[in-house]
Structures are given as C-alpha cells and as structure tokens.
Amino acid sequence: MIKIHNLDRSRSRRIVWLFEELELPYEIIQHQRDPTTMLAPTSLKAIHPLGKSPIIEDGDITLIESGAIIDYVTGRYGNGKLVPAKDSSDYASYLQWLHYAEGSLMPPLVFSLITQMMQVDSEILAGTIDHFCNTHLNFINETLAAKKYFVGADFTAADVSMGYAIESANGANLPGLEMASRIVRYPHLQRYLTELQSRPAYQRSLQAIGE
Ligand SMILES: N[C@@H](CCC(=O)N[C@@H](CS)C(=O)NCC(=O)O)C(=O)O
C-alpha cells in the first residue's frame, strides 16, 4: 500500500485527492506544521532530506514533487484514467498544465505568502508580486473562458495540479493568516474552483486528511 506523507494545510492534499479520483488504496501518515513558523516538523526529514510535503513511499521508492508523484501514480497505477492518450493532441497540453502549476503559478503565490507572513511593508515589492501573480491569473482565467478544464472537456490529473494552485490564489490556507483572495476578479477561475471542490473525490480527500 502506498504511503502518503501528508503535512497539514499543504500541497499533499493534491496527492490524497488524486488517489481518491483514481479509487486507489493508500495510507496517510500525518505530519503537523510548527504552529509558530508553519514549517514542516523534523519527522518529514526522516523520510526525505528536504523535509517537505508531499512525499510518497511505494515499497523501496521514495518520491517527492507533486508533478512527479502525479505522473508516477497515474502512469504506474492509473490504468489510463485522468491522462490523455500519449499519441493524442491533448497530451502535450496535459503535460504543460501538470507542470505549469508548480513551475510557474505557485512561485509568485508563495512569494506573496512569505512577504505577508513576514509583514514586509514595501509598495514596490507588493506591486511587483501583484504584477507577477496577475499575469498568470489573467492567462489562466482566459484559458478557462474557452474550456471547462485545463486540457479540454474532460477532467484530468492536470486539474488536480492546477486546482491546488488556484485554491492557494483564493487565499492562504494557513491558520491565523488572513490573505485576500486573488481570484475575485476572475470569474472563470471562481467557476472552475467551485466545480473542482464539488467533486466527490475532492470532498473525500478533505475528509481523509481532516481539513
Ligand atoms: N514543488 C514542491 C513544493 C513542496 C513544498 O514546498 N511543500 C510545502 C508544503 S505546501 C512544505 O513542505 N512546506 C513546509 C516547509 O518548507 O517546512 C511540490 O510541489 O512538491
């Protein structure tokens, strides 16, 4: 049985959600953030030297990085579910969105979160972060104006990857940290997020991690 190391309020919810979508068995090992610093506990470092989540253990394989984990699990255990066929025209688009979430969209959102946590008071910095965030949010809002999901008409594992990033843009998910939603001006992102959050597998995943 694959073990999912789940840090509370973190990207590992993607992986639990993916397993629920694929109806695969899994075991959750729970790790709690430090309530003051919000950093991961040392228990995660015992599993992998980076000490960040998500991490999965599949027999003697230990794997980090949301995109790599999604690719590994769908490829090895997914039976073709949630991934377009490799010879289809959708496959390139699938790969792009699977990796865009962590490679492009999350960095400015995390930067915004960190400056807020550190209470950095700089108009120039805030303006720069807004510019980077809005460039991406505009782009993905326009993308979703024409499509139901990121690849097209069908929900794919790239939506699991993108869904968490858009949830992050909708406000911090950390206790005690009030962050304004960045998606209020983007109707297609709001519609998309509401739709993802109403999926039964998404709701089961939140229940499984107690969030
Ligand atoms: N790109 C990585 C990011 C991993 C990451 O930064 N995880 C955060 C949780 S959302 C973490 O473990 N933070 C706690 C810490 O850095 O101590 C992925 O998607 O797997």
Open item on the list: Just to be sure I understand: if I project the alpha-carbon convex hull of segment 90-199 onto a plane and average over all orientations, what area do I get in nm²?
Closed with: 6.9
TODO: Between beta-carbons, use under 10 Å as the cut-off and find the net charge around Pro175, counting Lys and Arg +1, Asp and Glu -1.
DONE: +1
Task: Amide H contacts under 5 Å for Ile55, placed H, 5+ residues apart - done: His5
Task: Candidate aspartates and glutamates - alpha carbon under 16 Å from Lys148, same-chain residues fewer than 8 apart omitted - done: Asp90, Asp159, Glu195
Task: In Hz, Karplus ³J(HN,Hα) per residue of segment 93-98 (6.51, -1.76, 1.60; θ = phi - 60°; x = Gly, Pro) - done: 5, 4, 4, 4, 6, 4
Task: Per-selection metrics, segment 12-129 (Cα): Rg and Dmax in Å - done: 17.3, 50
Open item on the list: Using each residue's phi in segment 169-179, evaluate 6.51 cos²θ - 1.76 cosθ + 1.60 at θ = phi - 60° and report the 3J(HN,Hα) Karplus result to the nearest Hz, with x for Gly and Pro.
Closed with: 5, 7, x, 5, 9, 9, x, x, 10, 7, 10
Task: Under 12 Å, Cβ to Cβ, from Met1 - net charge with Lys/Arg +1 and Asp/Glu -1 - done: -2
TODO: Counting other Cβ atoms within 10 Å, keep those with at most 10, restrict to DSSP loop, and tell me which GluC sites (Glu not before Pro) in segment 1-83 are left.
DONE: Glu23
- [ ] Kindly give Rg over Rh for the chain, based on alpha-carbon atoms, with the Kirkwood expression for the hydrodynamic radius.
- [x] 0.95
- [ ] Return the FRET efficiency for the residue pair Val110, Ala46: r is the Cβ-Cβ distance, R0 is 30 Å, and the value is rounded to the nearest 0.05.
- [x] 0.80
Task: Within-14-Å neighbourhood charge of Ser53 [Cβ basis; K, R +1; D, E -1] - done: +2
Task: Test item: Cα-centred dipole of the chain, Lys/Arg +1 and Asp/Glu -1 on Cβ, debye - done: 160
Open item on the list: Show me the ranking of peptides 87-93, 11-17 by mean Cβ neighbours inside 10 Å, starting with the highest.
Closed with: 11-17, 87-93
- [ ] Quick one: compute the contact order of the chain, relative version, from alpha carbon pairs under 8 angstrom and 6+ residues apart, as a percent.
- [x] 23
Task: In Hz, Karplus ³J(HN,Hα) per residue of segment 49-54 (6.51, -1.76, 1.60; θ = phi - 60°; x = Gly, Pro) - done: x, 5, x, 10, 10, x
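Every read-out reported here was derived from the displayed coordinates using simple, explicitly stated rules and does not represent laboratory data. Because the structure is predicted, anything quoted here is derived from the model rather than measured. Here the Cβ is made from the backbone with ideal geometry for all residues, glycine too, and neighbour counts use every protein chain on show.
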